[in-house]
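Asks: Okay, handing you the structure first.
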Amino acid sequence: MITTKILMVCLGNICRSPLAQGILIKKVAKSTFVDSAGTAAYHIGNQPDPRSMNVGKKNGVDISSFRARKFTQEDFRNFNHIYVMDKSNYNDVLSLAQLSEDHKKVKLILDYEQEVPDPYYGELAGFDLCYNLLDKACDQIVKELNL
């Protein structure tokens, strides 16, 4: 039985959030459901960026079956925790919140108001950095939520 539902959110749902989803799935019990979404509709239905799939595969995380989707207001009802990659996505998600409880579900994935840099337009090393940041953040999520 699924007891905890976690959503990872970035801009297009092809680089950061699917990596975060795959990393966290690998770390949690079967009673935790993890999904991802994007605040923009650029890539709906597409696989993650090949560079994200490669860095995941290199680290034992297969995200090739994931498909991009857009974040919706319904996600507030469907998830207990919503983790966003940067302040822009944080503001975009909160702009759809209707209830005060919705606001409480949304957090930046990194502590101290830090952001996970979007590697989409950068070098390949940016995907490794993204993976490493998300791997540590997911360890923290597992610890904080006792998953």
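Asks: Out of all the residues in the stretch 26-53, which are aliphatic (A, V, I, L, M) and closer than 26 Å to LEU96 by Cα? Full working, then the answer.
Replies: Step one: of the stretch 26-53, the residues aliphatic (A, V, I, L, M) are 28-29, 34, 37, 40-41, 44, 53.
VAL34, ALA37, ALA40, ALA41, ILE44, listed by residue number.
Asks: Further, regarding this structure: Taking the criterion of being more than 14 Å from the chain's Cα centre (by Cα), under 12 Å from LEU7 (Cβ atoms) and not charged (D, E, K, R), would at least one residue in the stretch 57-76 satisfy it?
Replies: Yes, the stretch 57-76 has at least one match.
Asks: Here is a follow-up. Out of ARG51, ARG67, ARG77, report the one residue that is within 21 Å of THR32 (Cα to Cα) and in contact (Cβ under 8 Å) with a residue 12 or more places away in the chain. Step through it out loud before you land on a result.
Replies: Details: ARG51 fails: within 21 Å of THR32 (Cα to Cα); ARG77 fails: in contact (Cβ under 8 Å) with a residue 12 or more places away in the chain.
On inspection, the qualifying residue turns out to be ARG67.
Asks: Take GLU115 and decide whether it is under 13 Å from the mean Cα position of the chain (by Cα), open to solvent by 50 Å² or more (accessible area, probe 1.4 Å), farther than 20 Å from LYS57 by Cα and of a type in the set (D, E, K, R).
Replies: Details: under 13 Å from the mean Cα position of the chain (by Cα): yes; open to solvent by 50 Å² or more (accessible area, probe 1.4 Å): yes; farther than 20 Å from LYS57 by Cα: yes; of a type in the set (D, E, K, R): yes.
Against the criterion (under 13 Å from the mean Cα position of the chain (by Cα), open to solvent by 50 Å² or more (accessible area, probe 1.4 Å), farther than 20 Å from LYS57 by Cα and of a type in the set (D, E, K, R)), GLU115 qualifies.
Asks: Related question: Quick one: which of ALA29, ALA41 is hydrophobic (A, V, I, L, M, F, W, C), in contact (Cβ under 8 Å) with a residue 60 or more places away in the chain and open to solvent by 20 Å² or more (accessible area, probe 1.4 Å)? Working first, answer last.
Replies: On the way: ALA41 fails: in contact (Cβ under 8 Å) with a residue 60 or more places away in the chain.
The unique qualifying residue is ALA29.
Asks: Suppose the filter is over 17 Å from the mean Cα position of the chain (by Cα) and surrounded by fewer than 13 Cβ atoms within 10 Å (Cβ to Cβ); does GLY122 pass it?
Replies: Details: over 17 Å from the mean Cα position of the chain (by Cα): yes; surrounded by fewer than 13 Cβ atoms within 10 Å (Cβ to Cβ): no.
Here the answer is no, as GLY122 does not meet what is asked.
Asks: So, one more: Looking only at the stretch 70-81, which residues are open to solvent by less than 50 Å² (accessible area, probe 1.4 Å) and within 19 Å of HIS43 (Cβ to Cβ)?
Replies: The answer is PHE71, ASP75.
Asks: In a helix (DSSP H, G or I) and open to solvent by 80 Å² or more (accessible area, probe 1.4 Å): does that describe LEU133? Break it down stepwise before answering.
Replies: Details: in a helix (DSSP H, G or I): yes; open to solvent by 80 Å² or more (accessible area, probe 1.4 Å): no.
Answer is no for this residue.
Asks: Still on this structure, please answer the following. Do the conditions hold for ASP102, that is, is it surrounded by 21 or more Cβ atoms within 10 Å (Cβ to Cβ), charged (D, E, K, R) and in contact (Cβ under 8 Å) with a residue 24 or more places away in the chain? Walk me through how you get there before you give the answer.
Replies: Numbers: surrounded by 21 or more Cβ atoms within 10 Å (Cβ to Cβ): no; charged (D, E, K, R): yes; in contact (Cβ under 8 Å) with a residue 24 or more places away in the chain: yes.
No: the conditions fail for ASP102.
The values are calculated or read from the model by the stated rules, or taken from the named source; none is laboratory data. No experiment lies behind these values; they were computed from the predicted model shown. All Cβ positions, even for glycine, are placed from backbone atoms using ideal geometry, and neighbour counts span all protein chains on display. Surface accessibility is based on the protein's heavy atoms, side chains included, excluding ligands, DNA and RNA. Shrake-Rupley method; radii C 1.70, N 1.55, O 1.52, S 1.80 Å.
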